[in-house]
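S.K.: I am attaching a structure below and will ask some questions about it afterwards.
The values are calculated or read from the model by the stated rules, or taken from the named source; none is laboratory data. In this text the structure is predicted, and so the values were computed from the model without any measurement. Heads up, the Cβs are rebuilt from the backbone with ideal geometry, glycines too, and the neighbour counts pull from every protein chain shown.
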Amino acid sequence: MFLWLFFYWESIYAQITKEYYDNGIVRTEGERTEGKKSGEWKFYYPNGVIQAIEQYSNNALNGEAQSFNFDGELQSKENWKNGSLEDSAFYYHPNNKVKRKGIYLKSQYEGLWSDYYSSGILKRTLEYHKGQPNGIWKYYSEKGVLLQHGNYLNGKESGYWEFYSKKGKLIYKGNYTNGAKTGKWVEIKNGKEKPYKYY
(Lines give C-alpha, C1' and ligand atoms only; values in the text may rest on other atoms or scores of the structure.)
Protein backbone atom coordinates (compact mmCIF):
# COMPACT_ATOMS: atom_id res chain seq x y z
CA MET A 1 0.00 0.00 0.00
CA PHE A 2 2.83 2.38 0.89
CA LEU A 3 4.66 1.70 -2.37
CA TRP A 4 1.50 2.29 -4.39
CA LEU A 5 0.92 5.62 -2.66
CA PHE A 6 4.55 6.61 -3.22
CA PHE A 7 4.43 5.96 -6.95
CA TYR A 8 1.04 7.63 -7.23
CA TRP A 9 2.46 10.74 -5.54
CA GLU A 10 5.47 10.66 -7.87
CA SER A 11 3.24 10.43 -10.94
CA ILE A 12 1.40 13.58 -9.87
CA TYR A 13 4.27 15.72 -8.65
CA ALA A 14 7.18 14.60 -10.87
CA GLN A 15 6.31 13.67 -14.44
CA ILE A 16 8.47 13.11 -17.50
CA THR A 17 6.94 15.01 -20.40
CA LYS A 18 7.69 14.94 -24.12
CA GLU A 19 6.63 17.09 -27.04
CA TYR A 20 6.92 15.99 -30.67
CA TYR A 21 7.35 17.49 -34.12
CA ASP A 22 4.81 16.61 -36.80
CA ASN A 23 7.32 14.09 -38.18
CA GLY A 24 7.25 12.18 -34.89
CA ILE A 25 10.70 13.28 -33.73
CA VAL A 26 10.94 14.32 -30.09
CA ARG A 27 11.05 18.11 -29.77
CA THR A 28 11.51 18.48 -26.01
CA GLU A 29 11.74 16.13 -23.07
CA GLY A 30 12.15 16.73 -19.38
CA GLU A 31 10.66 16.53 -15.93
CA ARG A 32 7.88 18.63 -14.46
CA THR A 33 7.24 18.91 -10.75
CA GLU A 34 3.82 20.29 -9.90
CA GLY A 35 3.59 21.41 -13.52
CA LYS A 36 6.90 23.30 -13.49
CA LYS A 37 10.12 22.40 -15.29
CA SER A 38 12.72 20.80 -13.05
CA GLY A 39 15.95 18.90 -13.54
CA GLU A 40 17.45 18.25 -16.95
CA TRP A 41 15.60 19.22 -20.12
CA LYS A 42 16.63 18.34 -23.67
CA PHE A 43 15.61 20.10 -26.86
CA TYR A 44 16.00 18.69 -30.38
CA TYR A 45 16.03 19.88 -33.98
CA PRO A 46 13.45 18.36 -36.39
CA ASN A 47 16.14 15.94 -37.62
CA GLY A 48 16.60 14.55 -34.11
CA VAL A 49 19.94 16.23 -33.43
CA ILE A 50 20.29 17.66 -29.94
CA GLN A 51 19.73 21.43 -29.83
CA ALA A 52 20.15 22.21 -26.13
CA ILE A 53 20.56 20.63 -22.71
CA GLU A 54 19.38 22.81 -19.85
CA GLN A 55 18.89 22.51 -16.10
CA TYR A 56 15.77 23.86 -14.42
CA SER A 57 14.45 24.47 -10.94
CA ASN A 58 10.93 25.71 -10.26
CA ASN A 59 10.46 26.52 -13.98
CA ALA A 60 13.58 28.73 -14.13
CA LEU A 61 16.94 27.98 -15.72
CA ASN A 62 19.27 26.93 -12.91
CA GLY A 63 22.65 25.36 -13.62
CA GLU A 64 24.66 24.69 -16.76
CA ALA A 65 23.02 25.13 -20.16
CA GLN A 66 24.56 23.90 -23.40
CA SER A 67 23.45 24.69 -26.95
CA PHE A 68 24.39 22.93 -30.18
CA ASN A 69 24.20 23.77 -33.87
CA PHE A 70 22.22 21.80 -36.46
CA ASP A 71 25.14 19.39 -36.85
CA GLY A 72 25.25 18.69 -33.12
CA GLU A 73 28.42 20.71 -32.53
CA LEU A 74 28.71 22.60 -29.27
CA GLN A 75 27.83 26.31 -29.62
CA SER A 76 27.75 27.55 -26.06
CA LYS A 77 28.07 26.71 -22.37
CA GLU A 78 26.42 29.07 -19.90
CA ASN A 79 25.64 29.07 -16.20
CA TRP A 80 22.27 30.15 -14.88
CA LYS A 81 20.96 30.92 -11.41
CA ASN A 82 17.23 31.37 -10.88
CA GLY A 83 16.70 32.45 -14.49
CA SER A 84 19.66 34.82 -14.60
CA LEU A 85 22.96 34.36 -16.44
CA GLU A 86 25.76 34.17 -13.88
CA ASP A 87 29.45 33.30 -13.77
CA SER A 88 31.52 32.01 -16.70
CA ALA A 89 30.25 31.50 -20.25
CA PHE A 90 31.87 30.04 -23.36
CA TYR A 91 30.84 30.32 -27.02
CA TYR A 92 32.39 28.22 -29.76
CA HIS A 93 33.34 28.23 -33.43
CA PRO A 94 32.12 25.26 -35.54
CA ASN A 95 35.60 23.74 -35.15
CA ASN A 96 35.00 23.58 -31.35
CA LYS A 97 37.56 26.28 -30.57
CA VAL A 98 36.46 29.06 -28.22
CA LYS A 99 34.94 32.04 -30.03
CA ARG A 100 34.10 34.15 -26.98
CA LYS A 101 34.39 33.79 -23.23
CA GLY A 102 33.69 35.92 -20.20
CA ILE A 103 31.66 36.44 -17.05
CA TYR A 104 28.01 37.33 -16.53
CA LEU A 105 26.59 39.07 -13.49
CA LYS A 106 22.79 39.28 -13.37
CA SER A 107 22.64 38.51 -17.12
CA GLN A 108 25.02 41.36 -17.99
CA TYR A 109 28.64 41.26 -19.16
CA GLU A 110 31.00 41.86 -16.25
CA GLY A 111 34.79 42.01 -16.19
CA LEU A 112 37.03 40.87 -19.02
CA TRP A 113 35.52 39.38 -22.20
CA SER A 114 37.73 37.87 -24.88
CA ASP A 115 37.03 36.97 -28.51
CA TYR A 116 39.08 34.58 -30.64
CA TYR A 117 39.55 33.81 -34.31
CA SER A 118 38.64 30.28 -35.43
CA SER A 119 42.38 29.55 -35.43
CA GLY A 120 42.44 30.07 -31.66
CA ILE A 121 44.38 33.35 -31.87
CA LEU A 122 43.12 36.14 -29.64
CA LYS A 123 41.02 38.67 -31.59
CA ARG A 124 40.05 41.27 -29.00
CA THR A 125 39.61 41.90 -25.30
CA LEU A 126 37.34 44.38 -23.58
CA GLU A 127 36.39 45.04 -19.97
CA TYR A 128 32.75 45.50 -18.99
CA HIS A 129 30.77 46.79 -16.03
CA LYS A 130 27.02 46.25 -15.75
CA GLY A 131 26.85 45.28 -19.41
CA GLN A 132 28.67 48.34 -20.76
CA PRO A 133 32.21 48.58 -22.13
CA ASN A 134 34.18 50.06 -19.26
CA GLY A 135 37.94 49.59 -19.33
CA ILE A 136 40.78 48.56 -21.61
CA TRP A 137 40.16 47.58 -25.24
CA LYS A 138 42.66 45.66 -27.37
CA TYR A 139 42.18 44.42 -30.92
CA TYR A 140 44.51 42.04 -32.77
CA SER A 141 45.02 40.82 -36.33
CA GLU A 142 44.62 37.16 -37.31
CA LYS A 143 48.39 36.88 -36.91
CA GLY A 144 48.24 38.14 -33.34
CA VAL A 145 49.56 41.66 -34.03
CA LEU A 146 48.11 44.43 -31.86
CA LEU A 147 46.09 46.84 -34.05
CA GLN A 148 44.21 48.99 -31.53
CA HIS A 149 44.65 49.88 -27.88
CA GLY A 150 42.38 52.21 -25.96
CA ASN A 151 39.81 52.67 -23.22
CA TYR A 152 36.06 52.78 -22.78
CA LEU A 153 34.08 54.65 -20.16
CA ASN A 154 30.35 54.06 -19.73
CA GLY A 155 30.11 52.42 -23.14
CA LYS A 156 32.01 55.08 -25.11
CA GLU A 157 35.59 55.57 -26.27
CA SER A 158 37.50 57.61 -23.73
CA GLY A 159 41.05 58.77 -23.13
CA TYR A 160 44.17 57.92 -25.09
CA TRP A 161 43.97 55.56 -28.11
CA GLU A 162 46.63 54.07 -30.35
CA PHE A 163 46.31 52.45 -33.78
CA TYR A 164 48.90 50.16 -35.36
CA SER A 165 49.68 48.80 -38.82
CA LYS A 166 49.42 45.09 -39.63
CA LYS A 167 53.16 44.96 -38.99
CA GLY A 168 52.71 46.33 -35.49
CA LYS A 169 53.99 49.87 -36.08
CA LEU A 170 52.25 52.80 -34.40
CA ILE A 171 50.58 54.89 -37.14
CA TYR A 172 47.90 56.99 -35.44
CA LYS A 173 47.13 58.24 -31.93
CA GLY A 174 44.94 60.67 -30.06
CA ASN A 175 42.26 61.13 -27.43
CA TYR A 176 38.55 60.51 -27.13
CA THR A 177 36.03 62.22 -24.87
CA ASN A 178 32.59 60.71 -24.49
CA GLY A 179 32.96 58.74 -27.73
CA ALA A 180 34.22 61.64 -29.88
CA LYS A 181 37.76 62.48 -30.99
CA THR A 182 39.16 65.51 -29.17
CA GLY A 183 42.26 67.66 -29.36
CA LYS A 184 45.23 66.90 -31.58
CA TRP A 185 45.46 63.60 -33.40
CA VAL A 186 48.85 62.58 -34.66
CA GLU A 187 49.91 60.45 -37.63
CA ILE A 188 53.23 58.62 -37.56
CA LYS A 189 55.11 57.94 -40.79
CA ASN A 190 58.65 56.63 -41.06
CA GLY A 191 59.03 57.10 -37.34
CA LYS A 192 58.10 60.78 -37.46
CA GLU A 193 55.04 62.37 -35.95
CA LYS A 194 52.97 65.01 -37.67
CA PRO A 195 49.63 66.58 -36.72
CA TYR A 196 46.84 64.82 -38.59
CA LYS A 197 43.80 66.78 -37.46
CA TYR A 198 42.48 68.90 -34.60
CA TYR A 199 39.05 68.25 -33.11
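S.K.: Would a scan of the range 148-163 turn up a residue that is acidic (Asp, Glu), free of Cβ contacts under 8 Å to residues at least 60 places away in the same chain and not in a strand (DSSP E or B)? It would help to see each step written out before you state the result.
M.R.: To start, the set of residues in the range 148-163 that are acidic (Asp, Glu) comprises 157, 162.
This time we only want the ones that are free of Cβ contacts under 8 Å to residues at least 60 places away in the same chain, so: 157, 162.
So of that shortlist, the ones also not in a strand (DSSP E or B) come out as none.
The answer is no; no qualifying residue exists.
S.K.: On to the next question. Across the range 164-188, what is the number of residues that are assigned to a strand (DSSP E or B) and among the basic types (Lys, Arg)?
M.R.: First, pick out the residues of the range 164-188 that are assigned to a strand (DSSP E or B): 164, 170-177, 180-188.
Narrowing further to those that are among the basic types (Lys, Arg): 173, 181, 184.
Selection size over the range 164-188: 3.
S.K.: Here's something else I'd like to know. Which ranges mark the strands (runs of 3 or more DSSP E) fully within the range 30-147 that have 1 or more residues being within 30 Å of GLU19 (Cα to Cα) and modelled with pLDDT of 95 or more?
M.R.: Values: elements: 36-44, 50-57, 63-68, 74-81, 87-92, 98-105, 108-116, 122-129, 132-140.
Counting at least 1 such residues, we get 36-44, 50-57, 63-68, 74-81, 87-92.
S.K.: What's the number of the only condition in (1) of a type in the set (Phe, Trp, Tyr); (2) in the same structural domain as LYS167 (by TED's automatic domain parsing); (3) surrounded by fewer than 17 Cβ atoms within 10 Å (Cβ to Cβ) that TYR139 fails to meet?
M.R.: Failing condition for TYR139: (3).
S.K.: When the range 159-176 is examined, which residues are found to be basic (Lys, Arg) and farther than 10 Å from LEU146 by Cα? Show your work before the answer.
M.R.: Looking only at the range 159-176, we keep the residues that are basic (Lys, Arg), and these are 166-167, 169, 173.
Within the range 159-176, just LYS173 meets the criteria.
S.K.: It is to be established whether one or more residues within the range 27-46 are among the aromatic types (Phe, Trp, Tyr), within 29 Å of PHE90 (Cβ to Cβ), touching an Asp or Glu at 6+ places or on another chain (Cβ under 6 Å) and surrounded by 12 or more Cβ atoms within 10 Å (Cβ to Cβ). Break it down into steps so the answer makes sense when it comes.
M.R.: Applying the first criterion (among the aromatic types (Phe, Trp, Tyr)) to the range 27-46 yields 41, 43-45.
With within 29 Å of PHE90 (Cβ to Cβ) added as a condition, the list becomes 41, 43-45.
Within this subset, residues satisfying the condition of being touching an Asp or Glu at 6+ places or on another chain (Cβ under 6 Å) are 41.
Among the residues that remain, those that are also surrounded by 12 or more Cβ atoms within 10 Å (Cβ to Cβ) are: 41.
Yes - at least one qualifying residue is present in the range 27-46.
S.K.: Kindly indicate which of GLU142, GLU127, GLU86, GLU162 is of a type in the set (D, E, K, R), in contact with a Leu (Cβ under 7 Å, 6 or more places away or on another chain) and within 30 Å of GLY72 (Cβ to Cβ).
M.R.: Values: GLU142 fails: in contact with a Leu (Cβ under 7 Å, 6 or more places away or on another chain); GLU127 fails: within 30 Å of GLY72 (Cβ to Cβ); GLU162 fails: within 30 Å of GLY72 (Cβ to Cβ).
From the options GLU142, GLU127, GLU86, GLU162, the qualifying one is GLU86.
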